[in-house]
1. If you plug each phi of the stretch 52-61 into the Karplus form 6.51 cos²θ - 1.76 cosθ + 1.60 with θ = phi - 60°, what whole-Hz ³J(HN,Hα) values come out, in order, with x for Gly and Pro?
2. Which residues in the stretch 32-53 have a backbone N closer than 14 Å to a point placed 7 Å from the Cα of Thr175 along the Cα-to-Cβ line?
3. Suppose a student asked you for the relative contact order of the stretch 2-121, using Cα pairs under 8 Å spaced at least 6 residues apart; what percent would you report?
4. List the residues, sorted by chain then number, that are 5 or more residues from Arg234 or on another chain and whose placed amide H is less than 5 Å from its amide H.
5. Report the one residue of Pro267, Pro192, Trp132 whose Cα lies farthest in the direction of the positive end of the charge dipole of the stretch 131-282 (charges on C-beta: Lys and Arg +1, Asp and Glu -1; origin at the Cα centre).
6. Given an 8 Å cut-off on Cα distances and at least 6 residues of separation, report the relative contact order of the chain as a percent.
7. According to the square roots a ≥ b ≥ c of the eigenvalues of the Cα gyration tensor, what is the shape class of the stretch 133-290, taking rounded for a/c under 1.5, prolate for a/b larger than b/c otherwise, and oblate for the remainder?
8. What percent antiparallel are the DSSP beta bridges of the stretch 2-121, to the nearest 5?
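What follows draws every value from the coordinates through simple rules; no lab data is involved. Bear in mind that the values here come from a model prediction, so they are computed numbers and not experimental data. Cβ sites come from the backbone with ideal geometry, for glycine too, and all protein chains shown count toward neighbours.
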Amino acid sequence: MQMTEYAGRDGLREMQELTQRIWSPASRLHLGDLAWERSANAGRADGWRTAVWRDDEQVVAWAWLAQPGHLLMTVDPARPELAATVVEWFRAAADGPGLAAGVLETEQHLLAALEAAGFRRQDDAPYYTHHWISLDDLAEPVVPEGLTLRHVRVDEVAQRAAVHRAAWSDVAPSTMGEEAMGEVMSTWPYRPELDWVVENEAGEFVASALIWLDEQHQVGLVEPVGVATAYRRRGLGQAVNLAALYALREAGGTRAVVCPRGDDGYPQARALYQSIGFRPGLRTLHLLLG
Ligand SMILES: CC(C)(COP(=O)(O)OP(=O)(O)OC[C@H]1O[C@@H](n2cnc3c(N)ncnc32)[C@H](O)[C@@H]1OP(=O)(O)O)[C@@H](O)C(=O)NCCC(=O)NCCS
């Protein structure tokens, strides 16, 4: 067994390799989650710590501190004993009180290792629920007169970053800029034909939906979706999602997953996905040490 530590952005392809190799509908993460999280937040990479464990050249576990005290991890279910090694690394690598971790409810090997190390489930904390849709029978995407649905082009990085900011600044101003969006658009497996927008008469993007395709499993992850505040509740969230789902089907996908909040603290996202036909599945669990 060999462990490699990384600082900053390195290690993504190895993390994706394991995440894809062991992916099933019972996995918390899709390789697109990693692509999005690590590229969209690349400006914060200085503080990241990542560890990757390999056995005979095969990646068998990884851990990532995306926030100083918060663990994200994937461990090959065929090697459940490694979960304790990962949690031990986390406790040594992370500073300060309030250490936290998130898993999917089915990831029993991760849950057992965390609970054995003293982490406790926080059942009243916010959580996320996987939502699933089959691509067999999709409704038609429709936008109001004057608006256009299309996918982005690779040179439209600035406009793509702008629509993300316009949709994701409700709580605090989004820091998404051209550099980070350029990073997103050059991270595997990004494809412009799976990145859809609604354009207004002035040529501005006012809604967007990005899908990441795992070709091996024919499953697309929808992440993220956003509609500029001035354009909400006009069906654009539905339309841009559906258009991206059609493109996913065209690219060989058979189903899609999205992971909105499952608790009642932020119901609008799951309401949107359910209105298109996504159905809820497994949920995440949040654990705290102590
Ligand atoms: C969630 C979001 C994408 C919805 O976009 P939208 O264009 O307003 O959604 P639509 O008009 O297509 O709404 C379709 C349906 O979703 C549900 N819905 C959308 N927004 C809702 C809200 N604020 N409250 C309750 N239900 C809502 C409704 O069922 C709605 O149908 P209705 O208007 O006929 O009642 C938008 O609010 C947004 O960008 N929010 C910030 C970013 C975000 O949370 N993205 C999703 C994270 S996973």
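1. 10, 10, 10, 10, 6, 6, 8, 6, 10, 6
2. Only 38-48 fall inside the zone, counting backbone N under 14 Å.
3. 24 percent
4. none
5. Pro267
6. Normalised by residue count, the contact order of the chain is 23 percent.
7. rounded
8. Once the DSSP bridges in the stretch 2-121 are tallied, antiparallel ones form about 90 percent.
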